[in-house]
1. Would you be able to tell me the number of residues in segment 57-80 that are out of contact with any helix residue (DSSP H, G or I) (no Cβ under 7 Å at 6 or more places or on another chain) and touching a residue at least 40 places away in the same chain (Cβ under 8 Å)?
2. Check off (1) under 17 Å from H91 (Cβ atoms); (2) within 14 Å of the chain's Cα centre (by Cα) for P54 and give me the number that stays unchecked.
3. Among the residues in segment 63-71, are any at pLDDT below 95, over 25 Å from I122 (Cα atoms) and either among the charged types (D, E, K, R) or touching an Asp or Glu at 6+ places or on another chain (Cβ under 6 Å) (or both)?
4. Looking only at residues that are of a type in the set (K, R) and closer than 16 Å to G63 by Cβ in segment 96-139, which one is surrounded by the most Cβ atoms within 10 Å (Cβ to Cβ)?
5. If you check every pair at least six apart or on different chains, which have Cβ atoms under 8 Å apart with a residue in segment 31-50 that is over 14 Å from M137 (Cα atoms) first and a residue that is surrounded by fewer than 12 Cβ atoms within 10 Å (Cβ to Cβ) second?
6. Across segment 1-37, what is the number of residues that are in a strand (DSSP E or B) and out of contact with any Pro (no Cβ under 7 Å at 6 or more places or on another chain)?
7. Where residues in segment 57-83 are more than 12 Å from the chain's Cα centre (by Cα) and small (G, A, S), which of them is farthest from E134 (Cα to Cα)?
8. If I ask for residues that are within 19 Å of T68 (Cβ to Cβ) and surrounded by fewer than 14 Cβ atoms within 10 Å (Cβ to Cβ), which ones from segment 1-29 would you list?
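The values are calculated or read from the model by the stated rules, or taken from the named source; none is laboratory data. A quick note: this is a predicted structure, and the numbers were derived from the prediction, not measured. Using ideal geometry, Cβ is built from the backbone for each residue, glycine included, and neighbour counts are taken over all protein chains shown.
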Amino acid sequence: MAKLDLIAFEIAGERYAFNIADVREVVEVLPIMPVPETAKYIMGVVNLRGEILPAIDTGLRLGLSNTTIGENSKLIIIETAEHKAELLVKHLPRVIHADTGKIRTDISMMESKIPPEYVAGILEDEFLVILRPEVIMTGGSK
């Protein structure tokens, strides 16, 4: 069976993940420079080795509570074909090796706290929601 590596994290008591192919790196929380008149979920921008990237409060972006910065908080640098951003998560992410056959992509009957367009699938045996980074960075309902 084919495997998919996921980087998993927790927000507001729920478990989420990104396909590790979309994750450039995970870094400590860097100073965030606020940017006025941006969406509520945009915390500001971060200078990552000379590259200016938006810092997104992942909890607010998903329509959940805001993510507070603590000693275990990290920034997950997500990179898709067209966008890059840093997403704040509260707890140190971990890697999960998932069987692709155990990922449910039909989410029509799923109850979730987040908008369905953000969801790529569900890894049921881990109770893990796999997110679509391109939607989180560019669109969606929140």
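1. Looking only at segment 57-80, we keep the residues that are out of contact with any helix residue (DSSP H, G or I) (no Cβ under 7 Å at 6 or more places or on another chain), and these are 57-60, 63-64, 68-77.
Next cut, touching a residue at least 40 places away in the same chain (Cβ under 8 Å) only: 58-60, 63-64, 69, 73-77.
Counting residues in segment 57-80 that are out of contact with any helix residue (DSSP H, G or I) (no Cβ under 7 Å at 6 or more places or on another chain) and touching a residue at least 40 places away in the same chain (Cβ under 8 Å) gives 11.
2. Just one mismatch for P54, condition (1).
3. First, pick out the residues of segment 63-71 that are at pLDDT below 95: 63-71.
From what is left, the residues that are over 25 Å from I122 (Cα atoms) are 68-71.
Right, trim to either among the charged types (D, E, K, R) or touching an Asp or Glu at 6+ places or on another chain (Cβ under 6 Å) (or both) and you get 71.
Yes, there is a match, as at least one residue in segment 63-71 is at pLDDT below 95, over 25 Å from I122 (Cα atoms) and either among the charged types (D, E, K, R) or touching an Asp or Glu at 6+ places or on another chain (Cβ under 6 Å) (or both).
4. Filtering segment 96-139 for residues of a type in the set (K, R) gives 102, 104, 113, 132.
From the residues that got through so far, the ones that are closer than 16 Å to G63 by Cβ too are 113, 132.
Details: K113: 12, R132: 19.
Across segment 96-139, the extreme among qualifying residues is R132.
5. Once the first residue is over 14 Å from M137 (Cα atoms) and sits in segment 31-50, its partners that are surrounded by fewer than 12 Cβ atoms within 10 Å (Cβ to Cβ) give V46/P31; V46/I52; N47/P31.
6. Applying the first criterion (in a strand (DSSP E or B)) to segment 1-37 yields 3-11, 14-19, 23-28, 33.
Applying the additional criterion that residues be out of contact with any Pro (no Cβ under 7 Å at 6 or more places or on another chain) yields 3-6, 10-11, 14-17, 19, 23-25, 27-28, 33.
Here the count works out to 17.
7. Taking segment 57-83 as the starting set, the residues that turn out to be more than 12 Å from the chain's Cα centre (by Cα) are 63-66, 68-73, 80-83.
Subsequent filtering for residues that are small (G, A, S) retains 63, 65, 70, 73, 81.
On the way: G63: 16, S65: 21, G70: 26, S73: 22, A81: 9 Å.
Among those residues, the one meeting the criterion is G70.
8. Pass one, segment 1-29, residues within 19 Å of T68 (Cβ to Cβ): 9-16, 26-29.
Result: G13, E28.
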